[in-house]
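A.B. asks: Pasting in a structure now, in structure tokens, and then I'll have a few things to ask.
Just so it is clear, none of the values below were taken in a lab; they were calculated from the coordinates. These numbers were taken from a predicted model, which means no experiment stands behind them. A quick note on method: Cβ atoms are made from the backbone with ideal geometry, for glycine too, and the neighbour counts reach across all protein chains shown.
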Amino acid sequence: MLDPAVEAEKSWIAVKNRTPKLTAGEKKVLDLVSLARTNKEIAAILGISSSTVKRHVENVLRKLHLKNRVEAAIYGLTVDGCSARGIGNCPLAIWRKQRDADAQKWAM
């Protein structure tokens, strides 16, 4: 039986190796999907049409064998090095801090 750390490393390498299948545009869209941006917001940020964003998202899902946008967002965060705890400059950690700050602001 292999060491669990070795198995985890193999899984991580497999994830990293699947990302090169994406074009530069698809990678940019995936990054923005991981930041919870809508297609309309992504289109405005990248200066492309919403239909082009939609096509990029469809390609990402197909190429990476993902079921939906949520899986794509999680995949994007994982590739960027976010752990489940979201430590450091991870977009997930930043989002959680902002969410918690907003919740406290409106709780008063």
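A.B. asks: What's the exposure ranking of 31, 100, going from fewest to most Cβ atoms within 10 Å?
C.D. replies: 100, 31
A.B. asks: Further question: From the backbone phi of segment 23-29, what are the Karplus-calculated ³J(HN,Hα) couplings (6.51 cos²θ - 1.76 cosθ + 1.60, θ = phi - 60°) in whole Hz, Gly and Pro given as x?
C.D. replies: After applying 6.51 cos²θ - 1.76 cosθ + 1.60, I find 6, 4, x, 5, 5, 5, 5 Hz.
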